[in-house]
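Written out below as structure tokens is the structure these notes cover.
The values are calculated or read from the model by the stated rules, or taken from the named source; none is laboratory data. Keep in mind the model is a prediction, meaning the values are calculated, not measured. All Cβ positions, glycine included, derive from the backbone under ideal geometry; neighbour counts span all protein chains shown. The area values use the complete protein model at the heavy-atom level, side chains included, leaving out ligands, DNA and RNA. Shrake-Rupley method; radii C 1.70, N 1.55, O 1.52, S 1.80 Å.
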Amino acid sequence: MESKIKLSSTTQPVALVTGANKGLGQQLAKELVSNGYLVLIGSRIFENGKKAADEIGDGAFPIQLDVTDTQSITAAAKYITSEFGKLDLLVNNAAIGQSGRYSTVPEILEAGKASVASLDEIRILFETNVLGVLAVTQAMLPLIRLSSSGRILNVSSAAGSLTLNSDPNFPYRPYFGATYPATKTALNAITLALAIELEESGIKVRAASPGFTATAINDFQGTDTVEVGARALVLAALDTESPTGSFTGPDGALPW
Ligand code: NAP
């Protein structure tokens, strides 16, 4: 059956980065533009996305996209279909570290312990960090299938690695809780599931962890700048060659 989606005339690769109005997402978007991509700057508040796109300049296009809102996702897919006709790269970057009820990072870590974690808090985190990724991916897949080098990059975290957190010598092990870290573990599972399912289609699906970067998600406690922290994301996003199903970080391959 002939696809209803018409290919636009652009020869430039097209990328969508969710949560690209600030932080690592904006930095990654900026570097994708430098590498010749047309980049859709996903932002749940359109004005914030417009400001970020204006800062990046030509090649960046704001798009309203709340990953927890089905209508927003559907409208975004429709807009990309009519204006760009395909998607070469989807970066699922948007995430939250908490729902807003905690003030400091130590408070978040304490409240994330599996024995006391609020189930409502866990639901809110999974809604954005896991289900949001799946919802956006499912909506964008028809557009990604139209690319000759379709790729999906899920922005994960070493904090979600079951292998690393099983090692008593892993320094961040005490912070492996049932909230944010567990969402990244679930995200890794979904990444692998998509990689396996899409292998025959040629669409490459990866997970990558940035460095520990000073952004709003950690109250700017990270030690890397966005330029340094985003390097592992840029490498994974531009990687058209490595086998699908990779999980990488600033120092190369990460264990799942
Ligand atoms: P950030 O500056 O807080 O950026 C998070 C982005 O996600 C913001 O643009 C935010 O939009 C957006 N977002 C949140 N909920 C959303 C929703 N429902 N719909 C659409 N967008 C939404 O944090 P960041 O450090 O750059 O985080 C980027 C990614 O890196 C995340 O996946 C994070 O888990 C991952 N990561 C970060 C670190 C680190 O050290 N910073 C380490 C490991 C992994 P608003 O501005 O509207 O809130």
Number of the exception - residue 112 against (1) without any contact (Cβ under 8 Å) to a residue 24 or more places away in the chain; (2) within 14 Å of the ligand (Cβ to nearest atom)
(1)
Please go through the range 28-51 and pick out each residue that is more than 15 Å from residue 90 (Cα to Cα) and near the ligand (Cβ under 8 Å from one of its atoms).
44, 45, 48
All conditions in (1) open to solvent by 60 Å² or more (accessible area, probe 1.4 Å); (2) in a helix (DSSP H, G or I); (3) within 12 Å of the ligand (Cβ to nearest atom) are true of residue 136 except (1)
Residues in the range 160-170: is at least one open to solvent by less than 10 Å² (accessible area, probe 1.4 Å), touching a helix residue (DSSP H, G or I) at 6+ places or on another chain (Cβ under 8 Å), in contact (Cβ under 8 Å) with a residue 12 or more places away in the chain and within 10 Å of the ligand (Cβ to nearest atom)?
yes
Residue list for the range 52-74, restricted to those being away from the ligand (no atom under 13 Å from the Cβ), on the phi < 0 side of the Ramachandran plot and touching a helix residue (DSSP H, G or I) at 6+ places or on another chain (Cβ under 8 Å):
55, 56, 58, 60, 61, 74
Over 16 Å from residue 95 (Cβ atoms) and under 14 Å from the mean Cα position of the chain (by Cα): does that describe residue 151?
yes
Go through the range 132-161 and count every residue that is over 25 Å from residue 175 (Cβ atoms) and in contact with a Gly (Cβ under 9 Å, 6 or more places away or on another chain).
8
Hey, can you tell me all the residues within the range 204-231 that are more than 7 Å from the ligand (Cβ to nearest atom), closer than 21 Å to residue 190 by Cα and open to solvent by 10 Å² or more (accessible area, probe 1.4 Å)?
204
Within the range 30-73, how many residues are within 16 Å of the chain's Cα centre (by Cα), farther than 18 Å from residue 132 by Cβ and open to solvent by less than 20 Å² (accessible area, probe 1.4 Å)?
2
If we keep just the residues of the range 75-86 that are away from the ligand (no atom under 14 Å from the Cβ) and in a helix (DSSP H, G or I), which is surrounded by the most Cβ atoms within 10 Å (Cβ to Cβ)?
80
Hits in the range 145-192 (condition: out of contact with any strand residue (DSSP E or B) (no Cβ under 6 Å at 6 or more places or on another chain), within 28 Å of residue 75 (Cβ to Cβ) and not hydroxyl-bearing (Ser, Thr, Tyr))
145, 146, 150, 155, 184, 186, 190
Of all residues in the range 100-127 being hydroxyl-bearing (Ser, Thr, Tyr) and at pLDDT below 95, the one that is most open to solvent (accessible area, probe 1.4 Å):
103
List the residue pairs whose Cβ atoms are under 8 Å apart, where the first residue sits in the range 219-238 and is without any contact (Cβ under 8 Å) to a residue 40 or more places away in the chain and farther than 18 Å from residue 37 by Cβ, the second is part of a helix (DSSP H, G or I) and within 10 Å of the ligand (Cβ to nearest atom), and the two are 6 or more positions apart or on different chains.
222/229
